[in-house]
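Student: Supplied in structure tokens, the structure appears directly below.
The values are calculated or read from the model by the stated rules, or taken from the named source; none is laboratory data. Bear in mind that the values here come from a model prediction, so they are computed numbers and not experimental data. Here the Cβ is made from the backbone with ideal geometry for all residues, glycine too, and neighbour counts use every protein chain on show. Note: accessible area is taken over every heavy atom of the protein model, side chains too, but ligands, DNA and RNA are not part of it. Shrake-Rupley method; radii C 1.70, N 1.55, O 1.52, S 1.80 Å.
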Amino acid sequence: MILREGGPHLQRRGTLRDQLSDPSEGGILIFQLGRQSKFSNNLRATGTLGTRSSQDMSGSEKTIPALLVVLLSCVACVPLEGDILCGAEDPATYSIVFTGKWSQAAFPKQYPLYRPPAQWSSLLGVAHNSDYVMWKANGYASNGMRELVERGEPWVLMKEIEAAGEKMQSIYGILSAAPVVTGTGQTSTVFEVDPGHPLVSIAVRIVPSPDWFVGFENFNLCDKNGWKRHVSMDLFPYDAGTDSGFTFSSPNFATIPRDTITEITCSSPSHPANSFYYPKLKTLPPIARVSMAKLKRKKLGFLFSQPNITTTDNEVEDSVSETPLDCETSLWSSWGLCRGTCGNLGTKRRTRYIVLQPANNGSPCPDLSEEMHCEPDNCV
């Protein structure tokens, strides 16, 4: 976990900045409120109220800015629609455990066994407030998200996160966890949130894939009663909209113009070549799972020791529902020549081949050849 130097800075965009304009005087008074930090002062006021000097202003006129300061201070304390209501007073530390559930039994179609086998990139996440958006369903992926979901490179996205923290005071800390070298492995880390930044967003690339990933965005760990003790959620695949590949091993084929981030389902994209296309299912089984647990603190501020999750070779034994996979065949070939002796009926033959072997009690493959009677060719 990487925390930005200087600690948390609480500042809400929009609700902490009001602009008052007096059309008759042509001036604007801007107030910005926030905790003291290297990025902001407790109170800053810029602008003018007209063009007259203070000597030209009457006593009543001089009291207007002071009254406005008091009024704006009170207004900034009133919760507005869209604000995050968090009943906690102190920061909280959480453990996060990412568990891959991407097995050949659950996802038998085109399951990658080598070059490379099914695996996960490093986990990248951020603790933030509502001013920052790491990614959003039906929104467009940033260049940093594209680098993460297409190549597994987190550096551009980390720079974007740090820039947002410097500009808007919206970031509390970045969290990361090691890659998972199998489809059903596990990784974990510890991170911290505070009442002004209770939201968490993460993303993990599906490897191999064109631009597919799993994660969640803007999950609030705090409510009016305080910090949540334990949260678990199933994760499903998303398409970042930056590459047009249909299969796990598709070559790079950039989507121009860039499309929006959409959830991949068993029927969307509706194309038989898609690696997640299972038209007989109502929903895909979860491909991963995340659990977050609040860690207790001793009186001196140290964390209580938590039980370690131990697995053999980072593999997780879990009961996985087997997804039936029906056999798929090619189209029939053209009919061959009619063979036989003149004066008698002959036969002609056509064939097809297996495109996808059945799995998990899916429909078996049909006959791969058939014959029919015909009149022999070239008879005189």
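Student: So L356 passes all but one of these: (1) under 24 Å from Y111 (Cα atoms); (2) modelled with pLDDT of 85 or more. Which condition number does it fail?
Tutor: (2)
Student: Considering the stretch 182-230 alone, what residues qualify as being in a loop (DSSP other than H, G, I, E, B), of a type outside the set (G, A, S) and open to solvent by less than 10 Å² (accessible area, probe 1.4 Å)?
Tutor: Taking the stretch 182-230 as the starting set, the residues that turn out to be in a loop (DSSP other than H, G, I, E, B) are 182-184, 195-196, 198, 208-211, 221, 224-225, 228-229.
Right, trim to of a type outside the set (G, A, S) and you get 182, 184, 195, 198, 208, 210-211, 221, 224-225, 228-229.
Listed by number, the residues that qualify are P198, P210, D211, L221.
Student: Still on this structure: Failed condition for E166, given (1) out of contact with any strand residue (DSSP E or B) (no Cβ under 6 Å at 6 or more places or on another chain); (2) assigned to a loop (DSSP other than H, G, I, E, B), with all others met?
Tutor: Answer for E166: the failing condition is (2).
Student: Between L85, L113, which is surrounded by fewer than 17 Cβ atoms within 10 Å (Cβ to Cβ) and more than 30 Å from R229 (Cβ to Cβ)?
Tutor: Values: L85 fails: more than 30 Å from R229 (Cβ to Cβ).
Going through L85, L113 in turn, just one is surrounded by fewer than 17 Cβ atoms within 10 Å (Cβ to Cβ) and more than 30 Å from R229 (Cβ to Cβ): L113.
Student: Same structure again: Looking at the stretch 260-299, which of the residues that are over 15 Å from the mean Cα position of the chain (by Cα) and among the charged types (D, E, K, R) is nearest to M233 (Cα to Cα)?
Tutor: My answer is K294.
Student: Say we look at the stretch 244-271 and pick out the residues that are of a type in the set (V, I, T) and either in contact with a His (Cβ under 9 Å, 6 or more places away or on another chain) or in a loop (DSSP other than H, G, I, E, B) (or both); which of these is farthest from A106 (Cα to Cα)? So that I can check it myself, show each step before the final result.
Tutor: If we filter the stretch 244-271 for residues that are of a type in the set (V, I, T), which is where we start, we get 247, 255-256, 260-262, 264-265.
Next, only the ones that are either in contact with a His (Cβ under 9 Å, 6 or more places away or on another chain) or in a loop (DSSP other than H, G, I, E, B) (or both) stay: 247, 255-256, 260-261, 264-265.
Values: T247: 16, T255: 29, I256: 32, T260: 27, I261: 24, I264: 15, T265: 14 Å.
In this case the residue turns out to be I256.
Student: Give the stretch 231-243 a look and list any residue that's assigned to a strand (DSSP E or B) and either touching a residue at least 40 places away in the same chain (Cβ under 8 Å) or surrounded by fewer than 16 Cβ atoms within 10 Å (Cβ to Cβ) (or both), or say none.
Tutor: We begin by selecting, within the stretch 231-243, every residue assigned to a strand (DSSP E or B); these are 231-235, 238-239, 243.
Correct list: V231, S232, M233, D234, L235, Y238, D243.
Student: So, in the stretch 151-200, how many residues would count as being within 16 Å of T93 (Cα to Cα) and either in contact with an Asp or Glu (Cβ under 7 Å, 6 or more places away or on another chain) or of a type in the set (K, R) (or both)? Spell out how you get there, then give the answer.
Tutor: At the first step, the residues of the stretch 151-200 found to be within 16 Å of T93 (Cα to Cα) are 171-177, 188-200.
Now restrict to residues that are either in contact with an Asp or Glu (Cβ under 7 Å, 6 or more places away or on another chain) or of a type in the set (K, R) (or both): 172-173, 195.
Number satisfying all stated conditions: 3.
Student: In the stretch 97-141, what count of residues is obtained for those that are assigned to a loop (DSSP other than H, G, I, E, B) and touching a His at 6+ places or on another chain (Cβ under 8 Å)? Before you say what the answer is, go through the steps one by one.
Tutor: Step one: of the stretch 97-141, the residues assigned to a loop (DSSP other than H, G, I, E, B) are 101-118, 121-122, 129-141.
Okay, now just the ones that are also touching a His at 6+ places or on another chain (Cβ under 8 Å), so 129, 134.
Residues meeting the conditions: 2.
Student: Does the stretch 286-293 include one or more residues that are in contact with a Leu (Cβ under 9 Å, 6 or more places away or on another chain), open to solvent by 30 Å² or more (accessible area, probe 1.4 Å), over 23 Å from G185 (Cβ atoms) and not in a loop (DSSP other than H, G, I, E, B)? Can you show your working first?
Tutor: Within the stretch 286-293, the first condition is being in contact with a Leu (Cβ under 9 Å, 6 or more places away or on another chain), and the residues that meet it are 286-290, 292.
Imposing the further condition that a residue be open to solvent by 30 Å² or more (accessible area, probe 1.4 Å) reduces the set to 286, 289.
Filter again for over 23 Å from G185 (Cβ atoms), leaving none.
No; the residues of the stretch 286-293 include none that is in contact with a Leu (Cβ under 9 Å, 6 or more places away or on another chain), open to solvent by 30 Å² or more (accessible area, probe 1.4 Å), over 23 Å from G185 (Cβ atoms) and not in a loop (DSSP other than H, G, I, E, B).
Student: Return the residue satisfying two criteria in turn: it lies in the stretch 162-179 and is open to solvent by less than 50 Å² (accessible area, probe 1.4 Å) and not hydrophobic (A, V, I, L, M, F, W, C), and of such residues it is farthest from I202 (Cα to Cα).
Tutor: The first filter runs over the stretch 162-179 and keeps only residues open to solvent by less than 50 Å² (accessible area, probe 1.4 Å), leaving 164-165, 168-175, 177.
From what is left, the residues that are not hydrophobic (A, V, I, L, M, F, W, C) are 165, 169-170, 172-173.
Values: G165: 16, Q169: 19, S170: 16, Y172: 14, G173: 12 Å.
Among residues in the stretch 162-179 that are open to solvent by less than 50 Å² (accessible area, probe 1.4 Å) and not hydrophobic (A, V, I, L, M, F, W, C), the one farthest from I202 (Cα to Cα) is Q169.
Student: Can E328 be described as modelled with pLDDT under 90 and under 25 Å from L123 (Cβ atoms)?
Tutor: So E328 does not fit the description; no.
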